[in-house]
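Following: one structure in structure tokens, then a few remarks.
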Ligand code: S3P
């Protein structure tokens, strides 16, 4: 079996999308397939802050969290190519979005409300989802964020199918995108 990476990436692949879109699950698999490091921006923020995101929101509030997120992602984007999973709000920040678009290939993992809700409903660590009814909050965030996520270079639907299958779809989409860029004409 050929286990070599399907192609080499000129820049970091940054995954964007709502909570529950599968950014970490797909990101880890994608990194393994491309033989690149996997970096989770939320983990890096927790490491830099010395506390969980939940505690950070509690102590300092969302505005300070966004500022920390901006700094951490800016640093990560200066590192050699890797697969970067970003928190759901990161791409909504004007500065972070501009940096991601300049320095990474951005992939939006688009999921519908039932898929998102099914993946987040048993977990309690996300501060934004504890501010009311989680399904309603996710629906509201979809309305606010999906038009912005749509600015990503690549869009892949994240469905209830196995994560390995979605990962292969991301690889196919990356290949098509890179081919399009290098040839200047559609594949
Ligand atoms: C957030 C998403 C979370 C985390 C924080 C805020 C958001 O990351 O960054 O709780 O604004 O959507 P995940 O999308 O990885 O859950």
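Each value in this text was obtained by applying a stated rule to the coordinates, not by laboratory testing. Values in this document were obtained by computation on a predicted structure and should not be read as measured data. Cβ sites come from the backbone with ideal geometry, for glycine too, and all protein chains shown count toward neighbours.
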Set of segment 15-58 residues, backbone N closer than 13 Å to the point 7 Å along the Cα-Cβ line of residue 64:
49-58
Listed with the fewest Cβ neighbours within 10 Å leading, 155, 170, 120 appear as 155, 120, 170
Going by alpha carbons, how many degrees (0 to 90, nearest 10) lie between the helix axis of 23-34 and the longest principal axis of the chain?
20 degrees
If you take all C-alpha pairs in the chain, what percent of them are over 26 Å apart?
29 percent
Summing -39500 (n - 2.57) over the DSSP H runs of n ≥ 4 in the chain and dividing by its residue number, what mean residue ellipticity at 222 nm do you reach, to the nearest 500 deg cm²/dmol?
-17000 deg cm²/dmol
Quick numbers on segment 41-149, Rg and Dmax over C-alpha atoms in Å, give 14.1, 40
Given 10 Å bins starting at zero, what is the percent of C-alpha pairs of segment 103-166 in each, up to the one with the largest pair distance?
19, 46, 32, 3
To make sure I understand, if each residue's beta carbon is the centre and we count other beta carbons within 10 Å, what order do 12, 143 fall in, fewest to most?
143, 12
For segment 99-169 and segment 1-52, write down the distance between their C-alpha centroids in whole Å.
15 Å
